[in-house]
Each structure stands twice: as C-alpha cells, then as structure tokens.
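Trainee: Take a look at this one; I'll ask things after.
The values are calculated or read from the model by the stated rules, or taken from the named source; none is laboratory data. The structure displayed is predicted, hence computed values, not measured ones. FYI the Cβ positions are ideal-geometry reconstructions off the backbone, even for glycines, and counts take in every protein chain you see.
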Amino acid sequence: MNVVIIGGGASGQAAAKLCGKLNFSCRIVEDKKDKILPPADLIVTSPGVFPGRSELYRQALDSGTEFIGELEFAFRHFENRILAVTGTNGKTTTTELTTFLLNALDVPAVSAGNIGTPLSELCLGPMTQTAVVEVSNFQLERAPTFAPLAAALLNLASDHEDRYIGGFEEYCAVKRRIFDHVSPENRIRGLSFDWPGRRVTVNEGDLLIDGTPVLALSETLLAAPHNTENLAAAAELVLRVLPAGKLTDGRFAEAVKAFKPGRHRIETVAEKNGILFVNDSKATNPAAVLAAAAAVERPLVILLGGLDKGMDFSPLAALADHLKTAVLYGESAEKIGAVLGGKVPCFSCGRDFEKAFHAAAAAAQPGDCVLLSPACASMDMFKNYQERGDRFRELAENWRPETR
C-alpha cells in the first residue's frame with residue numbers, strides 16, 4: 001500500500017508512524033513545499049489542512065484515489081472500543097471527564113483525537129484501553145466509516161463558517177455525521193437538545209441517573225450550566241459501557257467530585273486589589289463566551305478578539321447588560337465592535353495583546369473580573385489558545401495595582 005499524507009503536523013506524523021507499523025510506504029506532503037500530489041493508493045489528510053486554501057487537497061479531490069482523514073485511517077486499524085464526543089463547545093472537558101470516570105470505575109481508558117493525541121498514535125501500542133475520542137468537524141469531513149460504540153453531540157453554535165460554502169447549516173450537518181454509524185440508542189445529545197432517550201437528567205441541583213439522584217452538583221466543580229451539560233454527556237457515555245448500578249453505588253459520585261476541569265477554561269489565574277483575573281482562552285466562539293459570562297458572578301471587563309473564522313458575532317450583544325467594558329484586539333476587533341458598540345464602552349488595541357490586557361486591568365475596579373474569553377481562535381497573534389492563555393496568566397501574575 002502506497003499512502004500519501006497531506007500535512008506534516010501531529011496527526012500527519014502519527015499517521016506516518018502507523019503506516020510504518022502496517023508496512024505501508026508513505027510520503028508526507030505539504031503545500032508550503034510541494035506543488036504536485038504524487039501517485040498513491042490512498043490519500044490521508046491531516047485535519048488542520050484547510051480545503052479551500054490547499055492546492056494539494058484540491059488535487060486529492062480530483063485524483064480519483066480514495067481520500068480520507070487521519071481519524072478514519074486510524075479507526076480502520078484501531079482494535080478496541082471507541083467513544084466519541086463532538087459539538088461546538090465542551091468537547092475537551094467532556095472527553096477528559098469521560099476518560100477520568102471510566103478509569104475511576106475500573107475501565108481502562110485514554111483520551112485521543114482533537115484533544116491532542118491523534119488516534120493513530122494509539123494504534124502504535126497494544127490498544128488495550130477504551131479510546132475516548134474528541135472529534136472536530138474537520139475530522140468528520142473525511143471519515144465515511146467512522147463507527148464509535150457511542151457518540152455525544154453536545155451542542156451546536158456558530159463556528160468555523162469560513163470553511164463551508166453552506167455556512168452554519170453545512171457546519172451542523174458535518175457535526176451530525178458523528179451519528180452516521182452509531183446505533184440510535186447510543187446517539188447521545190446534550191442537554192440543549194430535545195432527546196427522548198435521555199437517561200441522565202438534572203433536577204433542582206441534583207444529577208439523576210434513570211431517575212435516581214446520585215450527587216448534588218454543588219459538591220462538584222461542574223455546577224455551572226455549561227459544565228453540567230458536559231457531565232451529563234459524560235455520564236451517558238459511561239452508561240454505554242457500564243450498567244447503571246456502577247454509577248449509583250457511590251464511586252461514580254466520588255469520582256465526579258474529584259474531577260478538575262483543565263486549564264484555559266474559566267480558570268482563575270490571579271486576584272489582586274480585589275480584581276479577579278480569569279483565563280478562558282479556550283472560548284473560541286460566541287456561545288462559549290456567553291457560557292463563561294454566566295459562570296462568573298462579578299461585573300465583567302472582557303477581552304475579545306482574535307482570528308476571524310467567519311462566525312456570527314451577533315449573539316455577543318446579549319453580553320451588554322453584564323459588561324462594564326469590552327477591550328477588543330486582533331483581526332476580529334472591528335466586527336465585534338460593530339456588535340457591541342453603542343451598548344457598552346469598547347476600546348480597541350489593534351494587535352497589541354499586552355496593551356489590551358493593561359487597558360482591561362485599568363478599567364476594572366475592586367469586585368470586578370477581568371475575563372479573557374475571546375470568542376475567536378488565536379492564530380492571528382498566537383500559536384494556539386494555550387499560548388494566548390499563558391500570556392494572559394503571565395500578565396496577570398505580574399500586574400500591580402500601581403500600574404493601573
């Protein structure tokens with residue numbers, strides 16, 4: 001088998017290693033250095049390759065050769081159970097939480113996919129663990145036979161519309177492909193959807209499984225509405241592996257209480273002079289920002305901006321009653337300012353993130369929260385959202401009230 005891989009990032013490199021294990025010949029090609037797609041028996045693309053901007057991707061479409069994504073390639077060679085998570089927001093937390101809960105209940109599990117470890121990487125080892133796979137819309141575009149045991153679609157909101165001619169409707173259709181090869185009873189929907197098959201519910205602050213209360217959300221770090229949605233989906237996924245009795249005997253509740261959400265997700269990084277600094281750099285679309293604003297119970301000075309993914313920023317208008325000031329930066333500053341301008345004081349800081357931070361800190365008073373919740377991707381100014389969040393943390397830790 002002769003395989004050509006488009007894209008030399010983490011997924012492309014992992015796919016190449018898997019080719020080696022399978023004794024397939026392979027070659028990695030990239031638009032920045034390769035102009036012609038070489039002949040192949042199979043073409044595999046990394047999820048980060050943007051179809052509308054890649055000449056190699058266009059050539060692959062025209063080649064007549066089978067053309068799949070890295071997720072699909074890995075799935076064809078993964079020999080254990082897969083649970084999958086997609087949606088606009090909450091994918092990483094739900095994936096991490098599902099993995100954590102399974103391990104706590106004696107089901108060996110590991111997170112993979114869009115969370116950072118390509119599924120191809122797991123294929124290199126013994127494959128003895130259940131894979132809980134975070135799946136992006138990029139990965140679903142070319143995954144025609146991907147068939148997890150169970151899959152969760154958490155929510156749908158404006159995101160990545162620059163990638164699709166059909167805009168939001170096409171984006172949603174791609175997300176729903178995660179259910180194409182999943183049995184109906186294992187097609188899990190988030191709490192925002194009307195789904196008659198729901199086994200995990202929330203009532204008066206309690207999490208219930210098949211109608212039985214199992215824990216009070218107030219005893220966990222997941223009581224905010226967006227995290228309650230993540231927890232409910234994770235519990236639904238666990239119920240596709242274990243009987244309900246395993247989730248109502250106390251160990252499940254203790255595991256949920258022990259779970260701590262990852263960094264860059266409504267993460268308190270400092271509190272100085274009565275001002276709370278919260279890093280929510282992972283909020284890369286408007287719906288995530290609204291969730292963060294609802295979770296932070298203080299007057300807000302917010303930093304918004306970054307890479308324009310062709311999203312609809314109009315939902316941010318709902319923030320107006322909760323904001324004292326909006327500090328805008330990056331490529332999307334003007335578009336966001338058009339939504340918030342006239343409703344809340346806005347200050348634009350161009351592409352100077354440090355200036356934006358200090359403008360936000362100067363606008364805050366004791367009792368306020370300076371919230372980095374950008375509503376945008378980071379790649380116009382940073383390598384990724386982690387680098388953006390780390391820079392915010394560094395600035396917050398070094399900030400002194402006298403620098404106001």
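For (1) closer than 23 Å to GLU161 by Cβ; (2) part of a helix (DSSP H, G or I), each residue gets a yes or a no:
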{"position": "ASP31", "(1), (2)": "yes, no"}
{"position": "LYS35", "(1), (2)": "no, no"}
{"position": "ILE43", "(1), (2)": "no, no"}
{"position": "GLN59", "(1), (2)": "no, yes"}
{"position": "THR65", "(1), (2)": "no, no"}
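Trainee: Those residues that are within 13 Å of ARG176 (Cα to Cα) and either basic (Lys, Arg) or part of a helix (DSSP H, G or I) (or both), I need them from the range 97-141; list them, please.
Mentor: ASN137, PHE138, GLN139, LEU140
Trainee: In this structure, does GLU72 turn out to be in the same structural domain as ASP249 (by TED's automatic domain parsing), assigned to a helix (DSSP H, G or I), acidic (Asp, Glu) and within 20 Å of the chain's Cα centre (by Cα)?
Mentor: It is false that GLU72 is in the same structural domain as ASP249 (by TED's automatic domain parsing), assigned to a helix (DSSP H, G or I), acidic (Asp, Glu) and within 20 Å of the chain's Cα centre (by Cα).
Trainee: Here's a follow-up. Quick one: is PHE78 of a type outside the set (Ser, Thr, Tyr) and at pLDDT below 95?
Mentor: So PHE78 fails the test.
Trainee: Looking at this structure, is ALA233 among the hydrophobic types (A, V, I, L, M, F, W, C), assigned to a helix (DSSP H, G or I), in contact with a strand residue (DSSP E or B) (Cβ under 6 Å, 6 or more places away or on another chain) and more than 12 Å from LEU97 (Cβ to Cβ)?
Mentor: Here the answer is no, as ALA233 does not meet what is asked.
Trainee: Which ones in the range 152-173 are in contact with a Ser or Thr (Cβ under 7 Å, 6 or more places away or on another chain) and either at pLDDT 95 or above or surrounded by fewer than 23 Cβ atoms within 10 Å (Cβ to Cβ) (or both)?
Mentor: ALA152, LEU153, LEU154, ASN155, LEU156, ALA157, PHE168
Trainee: Here is a follow-up. For the range 200-224, give me each residue that is within 16 Å of ASP249 (Cα to Cα), of a type outside the set (A, V, I, L, M, F, W, C) and free of Cβ contacts under 8 Å to residues at least 24 places away in the same chain.
Mentor: ASP206, GLY211, PRO213
Trainee: Now, a different point. Output the helices (runs of 4 or more DSSP H) that fall wholly within the range 261-378 and possess 3 or more residues being in contact (Cβ under 8 Å) with a residue 40 or more places away in the chain and either within 19 Å of the chain's Cα centre (by Cα) or farther than 30 Å from ARG53 by Cβ (or both), or say none.
Mentor: Output list reads 286-295, 353-363.
Trainee: Also: Which one of THR86, THR93, THR99 is touching a Lys or Arg at 6+ places or on another chain (Cβ under 6 Å), crowded, with 19+ Cβ neighbours inside 10 Å and within 16 Å of ALA234 (Cβ to Cβ)?
Mentor: THR86
Trainee: Which of (1) within 17 Å of ALA131 (Cβ to Cβ); (2) at pLDDT below 95; (3) not aromatic (Phe, Trp, Tyr) does THR95 not meet, given it meets every other one?
Mentor: Condition not satisfied by THR95: (2).
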